[in-house]
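Okay, structure first, notes after.
The values are calculated or read from the model by the stated rules, or taken from the named source; none is laboratory data. What you are looking at is a predicted structure, and each value in this text was computed from that prediction instead of being measured. Cβ sites come from the backbone with ideal geometry, for glycine too, and all protein chains shown count toward neighbours. The protein model used for the area step is the full one, side chains on, heavy atoms only, and it has no ligands, DNA or RNA in it. Shrake-Rupley method; radii C 1.70, N 1.55, O 1.52, S 1.80 Å.
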Amino acid sequence: LLFSYDQCKLAFLAFPKRHGQIPTNKDVFARSRSSALNFLLSEMVNFGPFAADGKEGYRRREQLCSEAINTIVALCVDSPSAGKKDASNSVPDVMSIRKLILESLSRAVKDAASIESVDARFGKITGLAELCNRMLSLRVDNGTSKPVDDTPMHIAKIMLEKNFVATLTHVLADVDFNYPNVRNLISSVLRPLEYL
């Protein structure tokens, strides 16, 4: 639904609203923080401690993180109905949604650097870096008549405006090389930096 309909994106970002009330752009962008988006970024986009609860537990956590990442990426994609908007419909501009998501993502990366536990911090950073990578390497055929999908390019431009290069580089400066999964952590952070 998030890939297909802009109104679903708005409803998701405006959650929680009273049942039956139709969300508006003002509900989402006036407060600049979406509860649902913040929940995904703070709780779900996190690989957790490396093999802390066994191989099966880590795989389950990795799958849950991947689904949360897919949900956030779906919010950033142009829907197939994007070219069919009429003036009477108050559907948000997808570019505004992308900016909101990337502002929240930048804040989440900066906040992750202050987590005390090394395992928890690096699991969180790995998840957020993977989200950045998937947003930048996004390839979706959504049925629009656009010959070239410019979504990754627009996301990269916003990331550069929001100073993601410095933020991700700062994360690399704080890496503890005694961490058991340091190779995956560093490669996860370098992939979005390579795109940018």
message = Given the criteria farther than 18 Å from residue 39 by Cβ, among the basic types (Lys, Arg) and either modelled with pLDDT under 75 or open to solvent by less than 70 Å² (accessible area, probe 1.4 Å) (or both), does residue 124 qualify?
response = no
task = Output the number of residues of the range 112-135 satisfying the condition of being in contact (Cβ under 8 Å) with a residue 12 or more places away in the chain and acidic (Asp, Glu).
result = 2
remark   = Of those in the range 134-182 that are part of a loop (DSSP other than H, G, I, E, B), in contact with a Ser or Thr (Cβ under 9 Å, 6 or more places away or on another chain) and within 24 Å of residue 121 (Cβ to Cβ), the residue modelled with the lowest pLDDT is 181
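Okay, residues lined up against (1) modelled with pLDDT under 85; (2) within 24 Å of residue 157 (Cβ to Cβ); (3) crowded, with 20+ Cβ neighbours inside 10 Å; (4) not aromatic (Phe, Trp, Tyr):
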| residue | (1), (2), (3), (4) |
| --- | --- |
| 29 | yes, yes, no, no |
| 52 | yes, no, no, yes |
| 65 | no, no, yes, yes |
| 72 | no, yes, yes, yes |
message = Looking at 34, 106, can you tell me which residue is at pLDDT 90 or above and open to solvent by less than 30 Å² (accessible area, probe 1.4 Å)?
response = 106
